[in-house]
1. Calculate, for the protein assembly as shown, the solvent-accessible area per residue in square angstrom, rolling a 1.4 angstrom probe over the heavy atoms of the protein chains.
2. Find the sum over both chains of the accessible area lost when A and B are paired, probe 1.4 Å, and report it in Å² to the nearest 100.
3. What whole-number distance in Å separates the alpha-carbon centres of region B:314-383 and region A:31-87?
4. Would you list which aspartates and glutamates come within 12 Å of A:Lys310, measuring only between C-alpha atoms, while excluding same-chain residues fewer than 8 positions from it?
5. Report the gain in length on full extension from A:Glu149 to A:Asn72: 0.36 nm times residue separation, minus Cα-Cα distance, nm rounded to one decimal.
6. Which residue fluctuates most in the GNM of chain A (Cα springs below 10 Å): A:Ser29, A:Ser240, A:Ser208?
7. How large are Rg and Dmax for region B:146-254 when only the alpha carbon atoms are used, in Å?
8. Only loop residues by DSSP count here, and only those with at most 15 other Cβ atoms within 10 Å; note down the GluC sites (Glu not before Pro) in region A:157-217 that meet that.
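The values are calculated or read from the model by the stated rules, or taken from the named source; none is laboratory data. None of the values given here were measured: they were computed from a predicted structure. Cβ sites come from the backbone with ideal geometry, for glycine too, and all protein chains shown count toward neighbours. Just the protein is used for accessible areas: all its heavy atoms, side chains included, with ligands, DNA and RNA removed. Shrake-Rupley method; radii C 1.70, N 1.55, O 1.52, S 1.80 Å.
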Amino acid sequence: MLNVLMLGIGQCGNRILDAVNKESFGGSSKLSKYYSRQKFPSRVETLAINTAVNDLKELKFTSAKDRFHVPNLHGVGANRSIGKQGFWDNRDMIMEEIERRGDFDIAFVMTSASGGTGSSFTPLIIHELRERYKNITVIAVMVLPFREEGSIYLQNAAFSMRDIMEVESDGIILVDNQYLKRLSGDIKTAYDKINDMVAERILFLIESLDSEMLSVTDLGDFKTVMRGGLGMGTLGFYESDKKTTSLTSAIEGSIKPGGLLYPANVYEDAARAMIIIQGSRESLDVDEITKSVEKLSTKIGQVFKGIIIKKGKPKILSVFTLGQVPDLEMLYAQAAQAIQDEKGRKTRAKKQLDDAFAYIEDLEEIY
Amino acid sequence: MRLIYLVVLALLASPILLMPMAAAASDDDDEEDDETTSREFSFRAGEGVKIGDYRVELISVVSVMDGLIEVKVWRRASDFEDWRVMEDHRDANFDEGAERGGLTLTVIDIFDEETVRMRAEYRSDYGYPQKYVTQRAMAPKNLPKLAVQATVDKTDISAGDEVKVTITVTNTGNDTARDIVVQDSPPLPQFRYLAGYPPKIKNQLQPGESDLAVYSMVAVTVGDVNMPVTVARYADSKSTIYSASSPSISIEIKPKRMPNLVLKVDPPGPIKHGGEGTINVTVENKGDASAYRVEVSAEVKSDGNGLEPVKGNLDKSFFEIPPGESEMYSATIKGSRSGSYAINLVASYQGDGEMMQKETGFEVAVLEREHKYLYYLLIVPVLILGFWLFRRYKEYKY
Ligand SMILES: Nc1nc2c(ncn2[C@@H]2O[C@H](COP(=O)(O)OP(=O)(O)OP(=O)(O)O)[C@@H](O)[C@H]2O)c(=O)[nH]1
Ligand SMILES: [Mg+2]
């Protein structure tokens, strides 16, 4: 059985973690925590970390002991420097809180790339995890901002992504708010929907790494997939609403743009992939699966396949890493532009102020 | 009465004493007058004898023992009338005696209260004495006559009833009834005599007078009784003995009157555990006599601890319940333990000195306790659930 650590850092990370916990209760109802039990496929420990206590209070399905407030901070106001400082000041306490939960084989660290707390803590925590847990696989789940959210968010996303790459995580799963925004009208429901999607997929992923499968995929396979390409990728998902849907079209559905958390052309950009098919024994035709996966392999390269026998409608999860990320590049460009603009505005403002001060340069106050 | 006779006797004595002198004197005239004759005759009271123009009537025999009779002598078409009490064997001159054209009478024998033998001496030309019946004799005789009546004070008689018998004796005659003795039939076995028996009536009753005697008795045996006649024996002034009797009465003695109490109970329906129920009891006297000292008592047969009295009592007493009447009362009880309780009501009472008993049974059911703790048991899961929810709430409250 896998020991899984799930960390949600910053408001966005906390809320996705809460969605994971909610999903583990069976999902649907708000009151499920009162009558249901959390069911995880593996031993899963969840911990929400934040500098803002209000963000932690807002959570519903994460038990109180699984919420950690970094003392003496009231959010970092999207300032990653303050965030980093806050982590360093409280590092031991934070890490102790994690280490209390025992040994782990894999850790998912979930955060927004653009906020202050999550984006600054995550690279540092990943580093610390690497230091403290010898054989741990660390996956960062990074949520990219809406592009119109402002220059600081863009800038933070750009820098935090670079930080993450530098600390050598075992892989980054991208979630793009901008891309997923289309799923719902208002921001609040869009967030909830996105969080639920992420939670469902990650739990499915964990299950696929830790269950008796017909065709085995394991943590090693997953690591191999995540280390492919740029070391970052995303998750695709397809759930058949009809039993009649053919497995081939279901597998294809899981890698179509509509099912992805981050916009990508899997056939063009994917480096490695893993396809996990879950369904009842009679609905799963191994030959058909093998055929369609082989077909995929000819385009992508390496494709692992896993089959989970479980009653219910067929579900398919695709995990893949990308060899190229044009969208991210665009984000960096936007970020750079934003930084330039910010710089320009600041210089102009500084100049204006200096000019203004120039008027009184040689003067003294007279009373 | 007797005094009168003595006076009359004294008056009579003087002429008798003077008679020898008068006779001596009249002896001188004998030669010039007709000679006398004497004749004997018997006659009864109320009868008269004609001798010439003289009439001799026997009024009565005053006393047979003393040899006294009363006679009336009168002469037709003249004022002469002489009432006299005569002593037997002594001559009595009437209208100056036979020597002087009158009568000389002598009582020879008195046979009884009615009949007398007499000798009359008179002038021989008066002829033979001739008998006739006097006016008086044709008049009714003075005799006492008693009427006897026996009456009972009620007609509807049951065994054990007291009956008063009134014996009334009335003298309906015109002479005093003497030596009256009433003889009631000897005591009848059908009755027990209480007081006044045997009945006693005055010794004498004047004409028109009446007397009564009352005695009471208790009817003992059931059946028809023919009360024999009551006889009164009495005598008239001449000690002649008569008797009179009452018409007989027949009495039907019905069976004894008895009270008959009937207990009616209106028990409550099943009582809830801890609830109350009212028992209504009616004691009705369906008999024909009062029931006295009625004591109703209740006895719970089964283990009675499960019933508690709340108001009123099933035990009750009444001094008297007259026939046809009823008494009602009620008692409220509380069922403190479930079960079926058999209750026996016993009414003991007195009717005519006899103790009687009636009883009736009924059941009161007390239902099973409504197990309230079952509801409390329900609370347990609710509490557990509440506790669970609260724990969950705490667990997820940050
Ligand atoms: N998908 C998703 N994105 C979110 C959610 N909440 C916030 N974000 C995104 O996260 C970014 C903001 O980062 P937060 O996580 O709020 O910031 P933080 O890590 O809490 O840092 P500070 O608030 O600055 O201390 C924005 O781009 C939001 O669009 C969420 O619930 N779901
Ligand atoms: Mg925040």
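1. Spelled out: the 1.4 Å probe surface of the protein assembly as shown, per residue, equals 52 Å².
2. The A and B chains share an interface burying roughly 1100 Å².
3. Rounded to whole Å, the Cα centres lie 73 Å apart.
4. Result set, ordered by chain and number: A:Glu207, A:Glu212, A:Glu282.
5. Stretched fully, the A:Glu149-A:Asn72 segment lengthens by 25.0 nm.
6. Result for chain A, Cα springs under 10 Å: A:Ser29 fluctuates most.
7. 14.8, 48
8. Those satisfying the criteria are A:Glu168, A:Glu212.
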